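Visitor: Take this structure, written in structure tokens, and hold onto it; I'll ask about it next.
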Amino acid sequence: MKRVFLAGATGIVGQRLVPQLQGAGYLVTGTTRSPGKAGHLRDQGVEPVVVDMFDAEAVVRAVIAARPDVLIHQLTDLPKTFNAKAMETARERNARLRSETAPTLMRAAAEAGVRRVIVQSICFAYAPGTLPHLETSPLDSPSVQLMETAALTTNGIEGVILRYGRLWGPGTWSGGPAESPTVHVDAAAQAALLAITRGQPGVYNIAEDNPMVSTSKARAELSFDPEFRLSI
């Protein structure tokens, strides 16, 4: 049975991804920064790891100990409910999380002998230009660029970048699609599951049909289905 190391197992996407991974037969080790959430992960059948993702050496030790075949990065640092004032500092924290933890996770994956790493990114960070944006279109976010570059340039590892639209559905800020591009959290999670065994290394836009970004590559190579929903 193959093993997955899921960074951000208690996050919005992580919670919807865990049952999909288990349903596909994977053993999951999942991270949380909160000791209080470790028991919840264990109750789900996940091997919990309580770790500060900015503690590089602790992260490397945790990944090596888990002996994963695949590492999935679903880390974010956002408030549970939308608050304009809170978002000012949340954006800074999220940018730091992207730029600092991705190199650590790639180093850990390399030392652990991981074959493939899947990384959550965003498809609403493109620079202004011709629409719809393709995966080759330039980005307008230094932290996203740093994160993606780390994932795509680590020797010996197949880096897969999933550029998600704005999430909606259970656990998110929205009960329905709002500002385009959007994607339901269940479909976003399924894209990560699909990317374990499908698609070439590289970047994929993951969103519902919209005029802003093209998702034809994800549909063709990953069999991405924006209509997918969990039954739970």
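Visitor: Between a first residue in the range 217-232 that is under 18 Å from VAL160 (Cβ atoms) and a second residue that is aromatic (Phe, Trp, Tyr) and surrounded by fewer than 13 Cβ atoms within 10 Å (Cβ to Cβ), which pairs have beta carbons less than 6 Å apart while being 6 or more apart in sequence or on different chains?
Guide: none
Visitor: Moving on to the next point. Which residues, taken from the range 73-117, are charged (D, E, K, R) and part of a strand (DSSP E or B)?
Guide: ARG116, the sole residue that qualifies.
Visitor: Of the numbered conditions (1) surrounded by fewer than 20 Cβ atoms within 10 Å (Cβ to Cβ); (2) touching a residue at least 60 places away in the same chain (Cβ under 8 Å); (3) charged (D, E, K, R), ARG16 fails exactly one; give the number of that condition.
Guide: (1)
Visitor: Could I ask something else about it? Tell me yes or no: at least one residue of the range 39-53 is basic (Lys, Arg), outside any loop (DSSP other than H, G, I, E, B) and under 15 Å from PHE5 (Cβ atoms).
Guide: Here is the first cut: in the range 39-53, the residues basic (Lys, Arg) are 42.
Restricting the remaining residues to those that are outside any loop (DSSP other than H, G, I, E, B) gives 42.
Subset that is under 15 Å from PHE5 (Cβ atoms): none.
The answer is no, given that none of the residues of the range 39-53 is basic (Lys, Arg), outside any loop (DSSP other than H, G, I, E, B) and under 15 Å from PHE5 (Cβ atoms).
Visitor: Moving to a separate point now. Quick check on my filter: what residues within the range 118-136 are in a loop (DSSP other than H, G, I, E, B), closer than 23 Å to MET106 by Cβ and polar (S, T, N, Q)?
Guide: First pass over the range 118-136, keeping only residues in a loop (DSSP other than H, G, I, E, B): 123-125, 127-132, 134-136.
Retained after the next criterion (residues that are closer than 23 Å to MET106 by Cβ): 123, 125, 135-136.
Of everything in the range 118-136, just one residue is in a loop (DSSP other than H, G, I, E, B), closer than 23 Å to MET106 by Cβ and polar (S, T, N, Q), namely THR136.
Visitor: Return the residues of the range 137-157 that are assigned to a loop (DSSP other than H, G, I, E, B), touching a residue at least 12 places away in the same chain (Cβ under 8 Å) and not small (Gly, Ala, Ser); say none if nothing qualifies.
Guide: Correct list: PRO138, ASP140, THR154, ASN155, ILE157.
Visitor: If only one of ALA207, ALA191 is under 22 Å from GLN15 (Cβ atoms), crowded, with 22+ Cβ neighbours inside 10 Å, of a type outside the set (Asp, Glu) and in contact with a Cys (Cβ under 8 Å, 6 or more places away or on another chain), which one is it?
Guide: ALA207
Visitor: What single numbered condition from (1) touching a residue at least 40 places away in the same chain (Cβ under 8 Å); (2) more than 14 Å from LEU230 (Cα to Cα); (3) part of a loop (DSSP other than H, G, I, E, B) fails to hold for ALA178?
Guide: Of everything listed in (1) touching a residue at least 40 places away in the same chain (Cβ under 8 Å); (2) more than 14 Å from LEU230 (Cα to Cα); (3) part of a loop (DSSP other than H, G, I, E, B), ALA178 misses just condition (1).
Visitor: On to the next question. Between ALA150, ALA178, ALA195, which is under 15 Å from the mean Cα position of the chain (by Cα) and under 20 Å from PHE124 (Cβ atoms)? Lay out the reasoning, then the answer.
Guide: Details: ALA150 fails: under 20 Å from PHE124 (Cβ atoms); ALA178 fails: under 15 Å from the mean Cα position of the chain (by Cα).
The match here is ALA195.
Visitor: Looking only at the range 21-38, count every residue that is within 13 Å of ILE72 (Cα to Cα) and either touching a Gly at 6+ places or on another chain (Cβ under 8 Å) or assigned to a helix (DSSP H, G or I) (or both) and tell me the total.
Guide: Adding up the residues that qualify gives 4.
Taken together, the values in this text are just the output of simple stated rules run on the coordinates, not laboratory data. Nothing here was measured: the structure is a model prediction, and the numbers come from that model. Positions of Cβ are backbone-derived with ideal geometry, glycine not excepted, and every protein chain shown enters the neighbour counts.
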